[in-house]
Every structure is written in C-alpha cells, then in structure tokens.
1. Check whether at least one residue in the range 107-115 is in a helix (DSSP H, G or I), among the small types (G, A, S) and surrounded by 13 or more Cβ atoms within 10 Å (Cβ to Cβ), and report yes or no.
2. Determine whether S228 is crowded, with 16+ Cβ neighbours inside 10 Å, within 20 Å of A134 (Cβ to Cβ) and in contact with a Lys or Arg (Cβ under 6 Å, 6 or more places away or on another chain).
3. Return the residues of the range 152-192 that are in a loop (DSSP other than H, G, I, E, B) and either of a type in the set (K, R) or under 18 Å from S228 (Cα atoms) (or both); say none if nothing qualifies.
4. Looking at the range 22-31, can you tell me whether even one residue there is under 24 Å from the mean Cα position of the chain (by Cα) and modelled with pLDDT under 90?
5. Test T77 against the stated conditions and say whether it is part of a strand (DSSP E or B) and closer than 30 Å to V164 by Cα.
6. Quick one: in the range 9-49, which of the residues that are of a type in the set (S, T, N, Q) and farther than 26 Å from G125 by Cα is surrounded by the most Cβ atoms within 10 Å (Cβ to Cβ)?
7. Those residues that are in a helix (DSSP H, G or I), within 17 Å of R166 (Cα to Cα) and of a type outside the set (A, V, I, L, M, F, W, C), I need them from the range 199-231; list them, please.
8. Taking the range 93-125, which residues are under 17 Å from D151 (Cβ atoms) and either of a type in the set (S, T, N, Q) or touching a residue at least 60 places away in the same chain (Cβ under 8 Å) (or both)?
Amino acid sequence: MNTLSISERVTRKIERGEFGRLWTYSDFSPLAETAVAAALSRLVKRGLLLRIRNGVYYKPRKSRFGPSTPDAASVATAVLKRRGIAAVTTGMPAYNALGLTSQVSPVLTFAIGRKIATLRTGVLGRIRLRPVTAVRGLKPAERAVLDALRDLNSIPDASPKESVRRIAELFRNHKLSFERVVTASLHEPPRVRALVGTIGTILGEDQALLQKLRSTLNKTTTFKLGLSAYFPEARAWGIR
C-alpha cells in the first residue's frame, strides 16, 4: 500500500470521526506509523486537526468563540495509551463516584501500571500519577476501591468506618468482584490486604479466598485504624 492510499484512509477516518475526539497512531493500526504521522501532519496544516503533543491529535469543534480544546484528563489518557501504559482514573473523582465522599478535586489522579517520571499533556490541568502493580484485569471502580483503602484515613468528608461500610455495600450489591480485588490486593501493602480480608469476613466470602489473603500477612503485625470497635471481624486481621 503506497503513502497516498494511507493518507486517504487516514483522512477519511478523521473526517468521519466525531468532533472533540483525540487520535493517536494506534487508532490507525496496522497502517505504518510514519505514513500515518505524515498524513496527520497534513491534516493539521489544513486546520482539521490540532497537534496536542507528540503522537496525540485533536479534532476540534468550531464555534463563534473559536476551536474547542481537549481537557487534561482526555489528553492524559491518550498519552498514556500511546506509551502503552495501563491507566485508570482514581483519587477524589473516583471516590466521589463510588459514594465515599461528596468532595471534588481539581487534581485528576491516574493509577498507572508502571512508574514514569512525568506526564506532559500540553493543556492546562493538574495531573497526579500513582504507580501501582495491578491495573489490567480490574474494573476502574475496583482499582479505585483499592486506592481508597490505601487512603482510608485521608478521604475528606468520610470516616474510615463509613468508607469501609460503603465499600462492603458495593461488594454486597455486586458492583465489584471480590475475587478480582483479592487477587489484585496481593500486590498491595499489608494494611490494604488486611482491610480487604476484613470486608470479606464481614460479607461471609469464600474461606479459601480469605485464607489466600491471610497467608500473606504477618500474624504479629497490627494496624491501628480505629475500626475494631465497629467491626469485630477486623481483630482477626490484626486491625485495631
């Protein structure tokens, strides 16, 4: 396939795509990346696209106020995708969506599959990156629950007791997979594993699954979270 035919295919796809969308080279796979890059550059010169940063392009909406610009969250997602890094939104926006807090935050947090130094989006917006081991294979809400258990003492507008009760309710209502969260929690700090085990005990989850978690914890370690008065089950997991 020659460069011109690739250019035509890229142009057709962009023209048919919705306004406000971000594009990366992977959206045109398996076409040759160099040819795709050249075609996208020509569309930037035509004014059909905006180049946000290397390998990330945006099809703006036109209005009397000028072309639209993408938000930082969308660009961050596209940049991470281009770099092959698994990522889901977490932190305050995710905790709010889960019903753990009524607070909102201007800072967007991403749980990412590996550590990176920086993430430049080329647009305004505050981005925080949280490197974690388990991202793939989890629903975004499941990753957010693990992060909420990490942040249990610092979620605004919610006590640790209220957060644990809300998370248990999400499992009870089958909004989350306890088995997937247990598997992912094996890569989390011991305190998170103990909290997942406590919640599983409260819910009467499978004993073999709970034992899998228990076997990873030091029997002499205790976690002072002030929860055992509300959840007697927590004591068996070293939580006070």
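The values are calculated or read from the model by the stated rules, or taken from the named source; none is laboratory data. None of the values given here were measured: they were computed from a predicted structure. Heads up, the Cβs are rebuilt from the backbone with ideal geometry, glycines too, and the neighbour counts pull from every protein chain shown.
1. No, the range 107-115 contains no residue that is in a helix (DSSP H, G or I), among the small types (G, A, S) and surrounded by 13 or more Cβ atoms within 10 Å (Cβ to Cβ).
2. no
3. Selection gives L152, N153, A158, S159, K175.
4. Checked against the condition, which is being under 24 Å from the mean Cα position of the chain (by Cα) and modelled with pLDDT under 90, the range 22-31 yields no hits at all.
5. No, not satisfied.
6. That would be T11.
7. Residues satisfying the conditions are G200, T201.
8. Once the filter is applied, which keeps residues that are under 17 Å from D151 (Cβ atoms) and either of a type in the set (S, T, N, Q) or touching a residue at least 60 places away in the same chain (Cβ under 8 Å) (or both), the range 93-125 yields Y95, N96, L98, G99, L100, T101, S102, Q103, S105, T109.
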